[in-house]
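The values are calculated or read from the model by the stated rules, or taken from the named source; none is laboratory data. Keep in mind that what you see is a predicted model, and the values were worked out from it rather than measured. In this analysis, Cβ positions are derived from the backbone assuming ideal geometry, glycine residues included, and neighbour counts consider all displayed protein chains. Remember, those area values only see protein heavy atoms, side chains included, never the ligands or the DNA or RNA. Shrake-Rupley method; radii C 1.70, N 1.55, O 1.52, S 1.80 Å.
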Amino acid sequence: MYAPPVRSVDARRLFLAGAIGLALWVGATFLWHVTYRQGVSLAVILFLDQDFPALLGGLFLMALAAPFAEGMGFRLPKPRARVIVPLIVVFGLIAWAGHYWLFQNYAISRDEEVARFAAAYMREGLLARPIPAEWEPYRRAIMPEFFSPFGAADYWTAAYLPVNSAIQALFWRMGDPNLAGPALLIAGLFALWRVALHLFPTRGDAVWVTMLLALSSTQLWVTAMTPYAMTGHFALNMIWLALVLRGGIVGHVSAGAVALLAAGLHQWHFPPIFIAPFILWMLLSRRWAVAAFHILVLVAIVIVWAKLWPGFLVQLLGPASDVRPSAGVADKVGSLFERLGDRWQPLVNLSRFAAWNNILMVPLAALGVTAMKWRSALRGQEIALPLALGCFAGCALALAQGYGWGFRYAHGFIGPFCLLAGLGWARFRPAAMRPLYLGVVITLVMSAFLVWRTHVFVAPYAASHRMIDASQADVVLVDPRGGLYVTDLVRGRDGVPGRPMVMNLGMLTLEQVDGLCQHYVVELFDRAEFRPLGVPLARWNLGRMDALRAHMKAVGCDKPVLPPLVETIDEAMKASGDVL
């Protein structure tokens, strides 16, 4: 499909151009968000702790490596199944092990916890968890946010669409819900490989470029360690593209089914952003019937997930309560524009995206766009056009994401970025792989740093959760003041609320606190417990909670959560800091 390059882009210039462009972007990010303190957020905190040092190190190594970047390097075998498939499986196993080592079997964000919460009741064959009568007055303190409004007075239901949680529930029934992300990662990488083989049938080196960029993406395999739906978006996007390129009735109908499934992962608007550029590509090539079919699929997505699913929940659970429903089309579009107005942060989010992916991915993808023949593109003969439009859309909608390892809103476009990079390589580079190897080595150094900083960031929250979970009290009240995102510790065990029932103190009234103290054994978890564990400081206060705490102290209901008693002398030594 692709002839040998007419002219070659020197690898040394590629490294220097990539380093200079990235340095300018990172410098602008630092000036805007740190020097002038515009848009300070969790993403900026993580940028300073993780991405900024990693990018500085990566830029320094790129500059050092530039004079040596041109050359052959060692020869790789042909990218056949017997080589690629075991490699993909190994990365899936690394992602599975990483959930227990890196994340310590803990989902740090509310988004992840809600997905696991839904998976827990789906595993039991339910579509919502009935709220026990004794806890109904406290339901919002137990489930503070990201709950569905439908039937909310009587049921706890996740606000997100059900497919991601259903996949986790399926793997839970099979033994471990944490296998869901790695399995989806494997499926997505396999589909990406099939697409690369289709695009580069005579350029095995371009297939390797595509795959090594994806395999070295820290964002891909670290996110696969979590319950986030984004791994599912990456996988189903690549499967959809592989089926579309396969063509025929079977290929397109199967792709339509995959798109409908992908739209139900957690929010229905993600797949249309990915699919729309390919519909334009089909229209430009005058494939009217195929384009019409996929337009109908987009219409079906809106009907099923924005209309029928909320209506089904109303019929099953009851009308909305506690908060207004927000699943409608107008709500979704309005929310998107509202967030673009006050939460659009392209500098920091795209800096995170660059740090968590291969250092050469963006420069090579830019070559892929440059390789496009625009007259052919306007006739629908260049697949680089829909790939590039999708990548632009995924990056342009750079909304504040909160937690995320890299920029997760662009997660579904990592595959297209890698394919664009393969296209650029096939057009402008000979089969001399040394620059790719250097890029992978630099990326692995950056990855090691990012993984270490992620472990350090997650560890205090995982330790706090274990401490709360080990409490023998009936109720644990979390006072989040003084700690960064401590409210996310309000959760059950493995997605199931139970003993201890954990609640956000700030969402309780004085009468509710009195009722809990009179009828249950209550313990407090506040800064006295979580600050020594290393939870980052947050300087905020609420006077109403001061009054609650003073009242609890007056009635003797302020017993703190205590660490569990040690069982061995080794544990005692560790708990004392080895000073005994």
By residue number, the members of region 194-205 that are open to solvent by 10 Å² or more (accessible area, probe 1.4 Å) and assigned to a helix (DSSP H, G or I) are R194, L197, H198, G204, D205
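For region 482-495, what are the residues that are on the phi < 0 side of the Ramachandran plot and open to solvent by 30 Å² or more (accessible area, probe 1.4 Å)? It would help to see each step written out before you state the result.
Taking region 482-495 as the starting set, the residues that turn out to be on the phi < 0 side of the Ramachandran plot are 483-484, 486-493.
Answer for region 482-495, where residues must be on the phi < 0 side of the Ramachandran plot and open to solvent by 30 Å² or more (accessible area, probe 1.4 Å): T487, R493.
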Residue hits (region 282-302; open to solvent by less than 20 Å² (accessible area, probe 1.4 Å) and under 24 Å from A229 (Cα atoms)) are H294, V297, I301
Original post:
Any residue in region 427-438 that is touching a residue at least 60 places away in the same chain (Cβ under 8 Å), within 24 Å of M238 (Cα to Cα) and of a type outside the set (S, T, Y)?
Top reply: yes
Only one of (1) at pLDDT 95 or above; (2) surrounded by fewer than 22 Cβ atoms within 10 Å (Cβ to Cβ) does not apply to W305, and that is (2)
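Under the condition of being exposed (fewer than 12 other Cβ atoms within 10 Å of the Cβ) and assigned to a loop (DSSP other than H, G, I, E, B), which residue from region 66-77 is modelled with the highest pLDDT? Before the answer, list the steps.
In the first step, residues of region 66-77 are kept if they are exposed (fewer than 12 other Cβ atoms within 10 Å of the Cβ); the result is 67, 72, 74-75, 77.
Adding the requirement that they be assigned to a loop (DSSP other than H, G, I, E, B) leaves 72, 74-75, 77.
Working: M72: 84, F74: 86, R75: 89, P77: 94.
Per the criteria, the residue is P77.
A quick yes/no check of all residues on (1) surrounded by fewer than 20 Cβ atoms within 10 Å (Cβ to Cβ); (2) modelled with pLDDT of 95 or more; (3) part of a helix (DSSP H, G or I):
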site: A463; (1), (2), (3): yes, yes, yes
site: M467; (1), (2), (3): yes, yes, yes
site: L477; (1), (2), (3): no, yes, no
site: P480; (1), (2), (3): no, no, no
Restricting attention to region 206-233, the residues that are assigned to a helix (DSSP H, G or I) and either among the hydrophobic types (A, V, I, L, M, F, W, C) or at pLDDT below 95 (or both) number exactly 13
Within region 261-270, the residues that are surrounded by fewer than 19 Cβ atoms within 10 Å (Cβ to Cβ) and in a helix (DSSP H, G or I) are L261
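Matching residues to (1) surrounded by fewer than 24 Cβ atoms within 10 Å (Cβ to Cβ); (2) under 15 Å from the mean Cα position of the chain (by Cα):
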site	(1), (2)
A214	no, no
T218	yes, yes
W221	no, yes
A257	yes, no
P272	yes, no
I275	no, no
L280	yes, no
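Considering only region 339-387, state which residues are within 22 Å of the chain's Cα centre (by Cα), among the β-branched types (V, I, T) and assigned to a loop (DSSP other than H, G, I, E, B). Steps first, answer last, please.
Our first condition is that a residue be within 22 Å of the chain's Cα centre (by Cα); within region 339-387, this holds for 339-340, 342-362, 365, 387.
If we keep only those that are among the β-branched types (V, I, T) too, we end up with 348, 359, 362.
Hit for region 339-387 is I359, nothing else.
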| request: Check whether at least one residue in region 234-243 is within 29 Å of A119 (Cβ to Cβ), open to solvent by 10 Å² or more (accessible area, probe 1.4 Å), part of a helix (DSSP H, G or I) and free of Cβ contacts under 8 Å to residues at least 24 places away in the same chain, and report yes or no. | output: yes
Per the list (1) under 30 Å from V207 (Cα atoms); (2) surrounded by fewer than 18 Cβ atoms within 10 Å (Cβ to Cβ); (3) at pLDDT 95 or above; (4) of a type in the set (F, W, Y), residue check on Y100 breaks on (1)
Among residues of region 483-495 being part of a helix (DSSP H, G or I) and among the hydrophobic types (A, V, I, L, M, F, W, C), the residue modelled with the lowest pLDDT is V486
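State yes or no: is L185 in a helix (DSSP H, G or I), crowded, with 24+ Cβ neighbours inside 10 Å and not basic (K, R)?
Answer is yes for this residue.
Quick one: which of V89, V163, V114 is within 28 Å of V476 (Cβ to Cβ), touching a residue at least 24 places away in the same chain (Cβ under 8 Å) and not charged (D, E, K, R)? Write out each step before concluding.
Numbers: V89 fails: within 28 Å of V476 (Cβ to Cβ); V163 fails: within 28 Å of V476 (Cβ to Cβ).
Every option except V114 fails the conditions.
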Checking A17, A95 in turn, the sole residue that is among the aliphatic types (A, V, I, L, M) and either touching a Leu at 6+ places or on another chain (Cβ under 8 Å) or part of a loop (DSSP other than H, G, I, E, B) (or both) turns out to be A95
When region 346-392 is checked residue by residue, the ones that are farther than 16 Å from L22 by Cβ and among the hydroxyl-bearing types (S, T, Y) are T370, S376
